[in-house]
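For reference, the structure is listed below as structure tokens.
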Amino acid sequence: MIGRMREFLRLVTFAIALSFGFCAVAQPVAVIPQPARVEQHAGVLKLHAGMTMASDAACEPQARYLREVLFPSTGFCWKSAEKKSRADVVLEVDAARVPEAEGYRLTVDGKRVTICGHDAGGVFYGIQTFLQLLPPAVHGTALQQGVEWLVPQVEISDAPDHPWRGMMLDVARYFYDKEFVKHYIDMMAMYKMNKLQFHLIDDSGWRLEIKKYPRLTEVGAWAGQNENRLGGYYSQDDIREIIAYAAVRNVEIIPEIEFPAHMLSAVVAYPWLSCTGKQHEVPRQHFISRDLLCVGKETSYEFLADVLEETADLFPSEYINIGGDEAVYDRWKECPLCQQVMQREGLKQVSDLQGYLTNVVADMMKQKGKTVVGWEEIIMRGKVSQPVVALIWHQVNDTIQATQSGHKAILAPATNLYLDFPESRTPGEIKAATWMPPISLEKCYSMPVNDYSPASTVLGVQGCFWSDQFIHGTVLQELSLLNENRSEKYAEYLTFPRLLAVAELGWCRNAVRDWESFRSRLGSQYARLDHKDCNYRVPEPEIVSMKEVGGKVRFELASPVEGATIRYTTDGSWPHSHSAVYTSPVEVDVKTDFRAITEVDSRHFSLPLYFAPDFSAFQQYGAFVAEWKPLVLASGTGKWRFEATGKMVGNGTYEVTFVRTRGTAVKWGQLVQYKRDETLAEIPAPTVVAPDVVTYRLTQTAFEAGVPFFFEVEADCGATSDSHGYVFVRKVEE
């Protein structure tokens, strides 16, 4: 059912255009990333089963890919034409006609489709643009009934502005199986991203089979015991399969072998790698181990040489990532062998040992024809003489470190491109990283990225998806017996649609990037994600206008998802699939009473359009705890239970204040405090009673961090329940 309404609306648009004989109005091109040059002409080309296709040998894998995409949804099985001149669809490589690397020219006229690429990658990207010109159902896995496969007549010339357009997928903290990794690559490639940093190693898991060190995966890939055992790894055959899959899609897989920190999984397997030699366990919960690779032992360098040689031989990428971030040097300070290296090499501070180690590895990898990549610390911890590439993960302006030291950089700042942060602070947002503010889609898209030139320090951009928020599934554990894949859906929810913003950042020049244009084009992409079976965060309804009219607030909304429904409430309650359908502007007394969701279908919808109350006028009462409204407090006498976890911050004397903001007054009775279900205090009546403010005072003596606290209060609302108000908690004495 998903996407049928969108298909219907699209066909109606084409039908109207055809009936009036001016097909140039048929569906303006809405491609992501935005192409550099688009010329749209009158008319459309209708694809059909009898068409033929011709391709150069250099792009034959891409021709097979196109056939594989089209056949399930269209039923087309295009035969090969003997000559290009007679083919209806032509794929070819011609670096003279398309001089830019990964560039392409796509031409659709009344008779044929021609895709010419600088290289096979360019042809693949021309295919992606061609697919975006077709109805979203082209990505379906079953034959689509009643869809006309119409393509607008266009000439598109396009090429990426940056050579590095990447994503990092963390499979070390949480293991994703091979099929999901391939799916993730497929989604990246759909939006012309070309680098996947494969975060294979971390404290909580070693995911890459190394033949010479079998315990890395026999021991280091798993946490827990018996029925609680969790984890996994990729065999070298798995890796070859993933690499081959990615190669057709022009995605380069860059392995990350993390050291000197973030490698407790290796230390668990081989304790002699650390300075202390102590035995540890692979952690089931996220933390950053203080144990580092010992730089004072010759066996450490032998281990690195062996592991990196197998890795380099396995991955054809010209890059190899060595991590290098967040090392705490306490172990090196205490280790006599590490201190001997400092003295021998004339190093002044312990952090210089990391620079020494980076140099050793960079020289080692140069002999294998590889360039070292790592997090920005690798160019900030000691002098590194071999040119490397640093992933800048703190601030955009930190690229100056690479400029000053003669290295290259990739923009991956946590402020804009860490996709494990939530998009909003809206109540109900799923569990995600909290050590930085939320990153909205617009904030992600709006990160400053200068245009690229061969002399540029910055090669491009990279989004990062870390999995430590649900390490080993404490909240989102997959249930294999139920074929449950909630962790993958969680990852996709956070990744999409922000991945599309990252893709356009890397592909487009400054002059082309425009937030309003991107947001408009994005609306038609959600149906494609649906057909690709890719989960995503549904965006909240867009406010077209919000203004006061006759003492009320009038909302005019638009759906950000093409063909989706908007549902709303006007009493401050959470909208759902049975709430009223938005068809025209809605008026409410107070804007906080209005909430609306975007509903793709009854099981896929957004968080509500939400207005947080302004508590600035109530600061003297302390921290906000709860809100009451007619749906919370029923008419007559009853009890209301609400949570205060995080507000009771220790033992001491507290005031709990109820402030009525509108509606009839409530008679408040006994207040009971609970720790879990244990009764801590019973206050029979308020300490202070005023027309709009009621305050209770209590003393807490059994505080326990991390334990839930609740209050339950008696409330008499009278014959009618139209009361609204807030509850606050304030600590007044230790």
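Some observations on this one:
- Cα Rg, Dmax (largest Cα-Cα span) when computed across region 468-599, Å: 18.4, 58
- In the full protein context, region 654-734 carries 48 Å² of accessible surface per residue, based on a 1.4 Å probe and ignoring ligands, DNA and RNA.
- Under the Debye formula (equal points on every Cα, no solvent term), log10 I(q)/I(0) of region 385-453 at q = 0.22 Å⁻¹: -0.93
- Region 584-641 - charge dipole about Cα centre, Lys and Arg +1 at Cβ, Asp and Glu -1, debye rounded to 20: 320
- If only the Cβ of Lys and Arg carry +1 and only the Cβ of Asp and Glu carry -1, the dipole of the chain around its Cα centre is close to 880 debye.
- Segments 60-73, 106-119 sorted - mean Cβ within 10 Å per residue, highest first: 106-119, 60-73
- Of the chymotrypsin sites (Phe, Trp or Tyr not before Pro) found in region 689-734, those that fall in a DSSP loop while having at most 15 other beta-carbon atoms within 10 Å are F703.
- Amide H contacts of F175 (H built 1.01 Å from N, in plane; Pro and chain starts excluded): H472 sit under 5 Å, all sequence-distant by 5 or more or on other chains.
- To put it simply, the accessible area of region 315-435 at a 1.4 Å probe is 47 percent carbon and sulfur.
- Using distinct alpha-carbon pairs, which all enter the 1/r mean, Kirkwood radius of region 226-327 in Å: 15.4
- 1.4 Å probe accessible area per residue over region 27-106, in Å²: 48
- Backbone amide hydrogens, once placed in the peptide plane, bring T52 within less than 5 Å of D88, V89, excluding anything fewer than 5 places away on its chain.
- Region 240-390: antiparallel DSSP beta bridges as a percent of all, rounded to 5: 10
- Accessible surface of region 625-707, 1.4 Å probe: 50 percent of it comes from carbon and sulfur atoms.
- Couplings for region 583-593, taken from phi via the Karplus curve 6.51 cos²θ - 1.76 cosθ + 1.60 with θ = phi - 60°, read 10, 7, x, 10, 10, 9, 6, 10, 4, 5, 7 Hz in order; Gly and Pro are left as x.
- Solvent-accessible surface of region 506-638, averaged per residue with a 1.4 angstrom probe and all protein chains in place: 47 square angstrom.
- Computed 3J(HN,Hα) for region 669-678, one whole-Hz value per residue from the Karplus formula 6.51 cos²θ - 1.76 cosθ + 1.60 where θ = phi - 60°, is x, 5, 10, 10, 9, 10, 10, 6, 10, 8, glycine and proline marked x.
- DSSP assigns beta bridges within the chain; of those with both partners inside it, close to 65 percent run antiparallel.
- Alpha-carbon centroids, region 225-251 and region 198-214: separation in whole Å: 11
- Here, the chain is characterised by an Rg to Rh ratio of 1.02, where Rg is the alpha-carbon radius of gyration and Rh the Kirkwood radius.
- For region 322-405, applying the loop criterion from DSSP together with a ceiling of 16 other beta carbons within 10 Å to the GluC sites (Glu not before Pro) yields E326.
- Binned Cα-Cα distances of region 458-532, short to long, each 5 Å bin given as a whole percent: 3, 12, 19, 18, 16, 14, 9, 6, 3, 1, 0
- Relative contact order of the chain, defined on C-alpha pairs under 8 angstrom at six or more residues apart (%): 9
- Region 318-380 and region 126-177: distance between their alpha carbon centers, rounded to Å: 40
- Globularity index of region 656-729, i.e. its alpha-carbon radius of gyration over 2.2 N^0.38 Å: 1.18
- Computing FRET efficiency as 1/(1 + (r/R0)^6) for S424 and R730, where r is the C-beta to C-beta distance and R0 is 35 Å, gives about 0.80.
- Mean-position separation - Cα centroids, region 478-535 and region 623-644, in angstrom: 38
- Only protein atoms count toward the accessible area here, which uses a 1.4 Å probe; on region 77-223, the carbon and sulfur part of that area reaches 48 percent.
- Spacing of the modelled spin labels on S616 and V581, each 7 Å from Cα toward Cβ, amounts to 4.1 nm.
- Beta bridge orientation in region 67-147: antiparallel %, DSSP, nearest 5: 50
The values are calculated or read from the model by the stated rules, or taken from the named source; none is laboratory data. Note that the structure is a prediction, hence the values are computed from the model and not measured. So basically every Cβ, Gly included, is an ideal-geometry build from the backbone, and we count neighbours across all protein chains shown. Note: accessible area is taken over every heavy atom of the protein model, side chains too, but ligands, DNA and RNA are not part of it. Shrake-Rupley method; radii C 1.70, N 1.55, O 1.52, S 1.80 Å.
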